[in-house]
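See structure below.
The values are calculated or read from the model by the stated rules, or taken from the named source; none is laboratory data. Computed from a predicted structure; not experimentally measured. Note that each Cβ is placed from the backbone with ideal geometry, even for glycine, and that neighbours are counted across all protein chains shown. Remember, those area values only see protein heavy atoms, side chains included, never the ligands or the DNA or RNA. Shrake-Rupley method; radii C 1.70, N 1.55, O 1.52, S 1.80 Å.
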Amino acid sequence: MLDAVRYLVDNGVKWTALPVDFPYWRAVYDFFRRWRSYDYVRELYERLRRSAREHAGRNAEPSAGVIDSQSVDASETVGEDSRGYDGGKSRDGRKRHILTDTEGLLLEVTVTTADVHDSKAAPALLETFMDQPGRLLQLVWVDSAYQGPAPAKAFARHGVRPEVVRRSDGQRGFVVLARRWVVERTLSRLSRSRRLNRDHERRPDHHAQMVWWAAMIRLSRRLAADAPRWPEKRPGRRPRAQA
């Protein structure tokens, strides 16, 4: 079942178009819904994230993060009641708001209609993350869109200090901004999963689950690439003699 959902997220196929090598599509969809109901994929990703941070010599829970958003067009399966138009990006669909750590690992995601301003979505994003036990977040880098009384109140309630990253005067076009590039890189990598290139989900919470699945796929591949290989890198094993 896990491989079936990974295939769907990575390749962007319809549920009914899953290859015959996988279980019947309705059984796979029921599996996806059960994992969504109990938030299993998020729990699995958080365990992998903590392991990745500890492997890199960091604390399991981050003390600093970065927030940004990304608007995506919606397909005809998305109803009018859960989609909007983002005039700044010329996107008719939904917007995913994410919080990452300083390495770009996903911490939290919320999905809104594309016409919701970033400053209005930031409080819910922060509240969802900070309401979990053991959070150590103290500093968040944001852009100028995350200013105003609503996000400031949410940041102050949890003792988190927002720091706005601005462009230098006179800069035009694409510019790599300190700290901001980390979350933008994460959004770009998530978009490599074809299911996220365009929003096909009838429900916003299903789209959020697809983001968690895409993040889990990428992180598991990263951890697998760092794992010891036999026989050269596995401790305690001698390499096979050359013929």
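Going through (1) within 30 Å of Glu163 (Cα to Cα); (2) over 17 Å from the mean Cα position of the chain (by Cα) one by one, Arg47 falls short only on (2).
Considering the conditions (1) open to solvent by less than 10 Å² (accessible area, probe 1.4 Å); (2) modelled with pLDDT under 90, Arg96 is excluded by exactly one of them, (2). Within region 91-106, the set of residues being in contact with a Lys or Arg (Cβ under 8 Å, 6 or more places away or on another chain) and either assigned to a loop (DSSP other than H, G, I, E, B) or closer than 21 Å to Arg194 by Cα (or both) comprises Asp92, Gly93, Arg94, Thr102, Glu103, Gly104, Leu105, Leu106. Pairs linking a residue in region 51-65 that is free of Cβ contacts under 8 Å to residues at least 24 places away in the same chain to a residue that is open to solvent by 20 Å² or more (accessible area, probe 1.4 Å) and assigned to a helix (DSSP H, G or I), with Cβ atoms under 9 Å and 6 or more positions apart or on different chains, are Ala60/Arg50; Ala60/Ser51; Ala60/Glu54.
Scanning region 202-211 for residues that are surrounded by 15 or more Cβ atoms within 10 Å (Cβ to Cβ) and more than 12 Å from Val72 (Cα to Cα) returns Pro204, His206, Ala208, Gln209, Met210, Val211. Among the residues of region 163-213, the ones that are in a loop (DSSP other than H, G, I, E, B), small (Gly, Ala, Ser) and at pLDDT 90 or above come to 2 in all. Close contacts from region 193-211, counting a first residue that is within 20 Å of Thr100 (Cβ to Cβ) and in contact (Cβ under 8 Å) with a residue 24 or more places away in the chain and a second that is of a type in the set (D, E, K, R) and part of a helix (DSSP H, G or I), with Cβ to Cβ under 6 Å and a gap of 6+ residues or different chains, come to Ser193/Asp10; Gln209/Arg36; Met210/Arg195. Among all positions in region 44-55, there is at least one residue which is open to solvent by less than 30 Å² (accessible area, probe 1.4 Å), acidic (Asp, Glu) and part of a helix (DSSP H, G or I). Among the residues making up region 56-90, a single one is part of a loop (DSSP other than H, G, I, E, B), closer than 19 Å to Asp118 by Cα and among the hydroxyl-bearing types (Ser, Thr, Tyr): Ser90.
When each of Ala60, Ala4 is tested for being among the hydrophobic types (A, V, I, L, M, F, W, C), surrounded by fewer than 17 Cβ atoms within 10 Å (Cβ to Cβ) and either touching a Pro at 6+ places or on another chain (Cβ under 7 Å) or closer than 27 Å to Pro151 by Cβ (or both), the lone residue that passes is Ala60.
For Asp115, the conditions (1) touching a residue at least 40 places away in the same chain (Cβ under 8 Å); (2) part of a loop (DSSP other than H, G, I, E, B); (3) among the charged types (D, E, K, R) are fulfilled apart from (1).
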